[in-house]
2 protein chains.
Amino acid sequence: MSANFSVSEENYIKAIYHIQQSVDTVSTNALAEQLKTKPASVTDMLKKLKTKKLLHYEPYQGVRLTAEGRKLALGIVRKHRLWEFFLVEKLQFGWDEVHEVAEELEHISSKKLIDKLDAYLDFPRFDPHGDPIPDSSGRMAAQQQINLIDLPLNTPAEVCSVGSQSAELLELLTHKQISIGTRLEVKKQFGFDHSIEIRVKNQPAFTISQQLAQVLFVKRV
Amino acid sequence: MSANFSVSEENYIKAIYHIQQSVDTVSTNALAEQLKTKPASVTDMLKKLKTKKLLHYEPYQGVRLTAEGRKLALGIVRKHRLWEFFLVEKLQFGWDEVHEVAEELEHISSKKLIDKLDAYLDFPRFDPHGDPIPDSSGRMAAQQQINLIDLPLNTPAEVCSVGSQSAELLELLTHKQISIGTRLEVKKQFGFDHSIEIRVKNQPAFTISQQLAQVLFVKRV
DNA sequence: AAATTATTTTAGGCAAATCTAAATTTTATT
DNA sequence: AATAAAATTTAGATTTGCCTAAAATAATTT
């Protein structure tokens, strides 16, 4: 039954899946940038993947995965995250050095392999970055969000929710230029007042209070 | 330093390596058959691999790996056999169902991965088929040959050497249609006279004496 | 030694996945 | 609404790895 796709095709499907986490329709340019290729190449591949019914695509209208495409994407994500878990848990890799290797391993096709690996690892639900691992039928836990207070030092993360909607909080966030999607790392933690020093992009680091940190939820990136 | 080769290139190098175990120089046809491709395609690839200095090749003269080619081949063999060991030992695959999956895994490029896997498996010296696993510098134990007497029941094996050259022995072997390369399995062992019943390919099983079995050396296949 | 057969190489093409440059369509701006 | 800018697609090439058919070379047989 389940067809056989090239590494390239799988990478396109995976990239579309990831971009669709934040926008409904994926643009040719966004895909080209993500895949480090040229827009013209993307167009070619989209036409091919459309004939394979993995995505909805009309010229100039962007692209969305079909149910079948999503299923394939979840299979690849499952493999990627299980292999990452294996590398960290069993082979003692650091969680920050597993991505590249998993990018290769995720294209190994044997379903039996991945299901046996899953069982061997005792069906982990989150990978070393905190991202949920789809089970063999494609279901997975909601995105794991952690409190900024609990984010380890020097771990890239992205603000994904804020624990209050008060005007005062929003004013403070605006002033600090923090919003949903802001990427940051914690550089220092001060035990005295539990304040933390964070760094956004390449800007200079600055300090935020315990009270503020406690209402910010992030996911590792 | 170590360059990056395509899956196809690696498969050619590996095939040449294996064929060179029994003959010094590998013919285009032999390679084509092993790789399930056409001789013309082989010629193309040989020309390419020659420019990469992985092999010695002159038109019509067959091919031999260079030291560099051999090193690459040993790296691939190492990966293949370590993954096979992993699949059987940790993931509970049967030893007869790991080959295909290992054919894919052997092309994962990370050296760090394979060295960590090696350590995790506690540096095994033989894979589940009894073939030796090269260490990280390419050294490996001699081919594991065992006496036919010691071959477990129902284990496919191949005759690889004969412990005597006597005419009488050769006559007997000819009559039983056993030669180097014959594939067989032991189906029964009789304690009374230590004779064993063996089966060659799909032919009916037949019995051979203890004396004969003792001079036949096989390797698992 | 000549002729036949088998092996190997060359020549010319094809499909996948990419690229650059040019044309087209959409979106944004005046 | 017209124009400028941005995004996207088309057209035409390139590379890799494979193919078939034909030519060249080597090996075998008579």
message = For segment A:100-119, which positions are open to solvent by 50 Å² or more (accessible area, probe 1.4 Å) and within 16 Å of A:Val7 (Cβ to Cβ)?
response = A:Glu100, A:Glu103, A:Glu104, A:Ser109
note = Over segment A:80-111, the set of residues free of Cβ contacts under 8 Å to residues at least 12 places away in the same chain and either of a type in the set (Asp, Glu) or in contact with an Asp or Glu (Cβ under 8 Å, 6 or more places away or on another chain) (or both) is A:Asp96, A:Glu97, A:Glu100, A:Glu104, A:Ser110
message = With the requirement that a residue be acidic (Asp, Glu) and under 21 Å from the mean Cα position of the chain (by Cα), what does segment B:7-52 give you?
response = B:Glu9, B:Glu10, B:Asp24, B:Glu33
task = Being closer than 27 Å to B:Val77 by Cβ, in contact (Cβ under 8 Å) with a residue 12 or more places away in the chain and surrounded by 13 or more Cβ atoms within 10 Å (Cβ to Cβ) narrows it down to one of B:Gln189, B:Gln214, B:Gln144, so name that one.
result = B:Gln144
inquiry  = When you check A:Pro128 against the structure, is it open to solvent by less than 60 Å² (accessible area, probe 1.4 Å), within 16 Å of the chain's Cα centre (by Cα), within 29 Å of A:Glu84 (Cα to Cα) and at pLDDT 90 or above, yes or no?
reply    = no
request  = Sort out which residues of segment B:192-202 are under 14 Å from B:Pro156 (Cβ atoms) and without any contact (Cβ under 8 Å) to a residue 12 or more places away in the chain, and write them in order of number.
outcome  = B:Asn202
note = The correct count of residues that are within 11 Å of DNA strand C (Cβ to nearest atom) and either open to solvent by less than 70 Å² (accessible area, probe 1.4 Å) or closer than 16 Å to B:Gly69 by Cα (or both) in segment B:41-57 is 8
message = Being outside the structural domain of B:Gly181 (by TED's automatic domain parsing), of a type in the set (D, E, K, R) and farther than 17 Å from B:Asp135 by Cα is the requirement here; does B:Lys79 meet it?
response = no
ask   = How many residues, within segment A:47-64, are near DNA strand D (Cβ under 9 Å from one of its atoms) and within 23 Å of A:Arg78 (Cα to Cα)?
value = 1
key: Any hit, segment B:59-68, residues being within 14 Å of another protein chain (Cβ to nearest Cβ) and either open to solvent by 30 Å² or more (accessible area, probe 1.4 Å) or in contact with a His (Cβ under 9 Å, 6 or more places away or on another chain) (or both)   = no
key: Members of segment B:98-107 found to be closer than 16 Å to B:Pro134 by Cβ and among the hydrophobic types (A, V, I, L, M, F, W, C), listed by number   = B:Ala102, B:Leu105
note = Residue set B:Asp122, B:Asp150, B:Asp96; condition assigned by TED's automatic domain parsing to the domain that holds B:His194, acidic (Asp, Glu) and open to solvent by 70 Å² or more (accessible area, probe 1.4 Å); output residue B:Asp150
query = Mind checking which residues of segment B:193-209 are open to solvent by 40 Å² or more (accessible area, probe 1.4 Å) and in contact with a strand residue (DSSP E or B) (Cβ under 6 Å, 6 or more places away or on another chain)?
reply = B:Glu197, B:Arg199, B:Ala205, B:Thr207, B:Ser209
request  = State whether one or more residues within segment B:159-168 are in a loop (DSSP other than H, G, I, E, B) and buried (at least 16 other Cβ atoms within 10 Å of the Cβ).
outcome  = no
key: Failed criterion for B:Lys71 (all others in (1) in contact with a Lys or Arg (Cβ under 8 Å, 6 or more places away or on another chain); (2) surrounded by 15 or more Cβ atoms within 10 Å (Cβ to Cβ) hold)   = (1)
Output for segment B:7-38, where each listed residue is within 12 Å of DNA strand D (Cβ to nearest atom) and either touching a residue at least 40 places away in the same chain (Cβ under 8 Å) or open to solvent by less than 50 Å² (accessible area, probe 1.4 Å) (or both) = B:Val7, B:Glu9, B:Glu10, B:Asn11, B:Tyr12, B:Ile13, B:Ala15, B:Thr28, B:Leu31, B:Ala32, B:Leu35, B:Thr37
query = Given the structure, is A:Val77 more than 12 Å from chain B (Cβ to nearest Cβ) and touching a residue at least 40 places away in the same chain (Cβ under 8 Å)?
reply = yes
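The values are calculated or read from the model by the stated rules, or taken from the named source; none is laboratory data. These figures come from a predicted structure and were not determined experimentally. Heads up, the Cβs are rebuilt from the backbone with ideal geometry, glycines too, and the neighbour counts pull from every protein chain shown. Note: accessible area is taken over every heavy atom of the protein model, side chains too, but ligands, DNA and RNA are not part of it. Shrake-Rupley method; radii C 1.70, N 1.55, O 1.52, S 1.80 Å.
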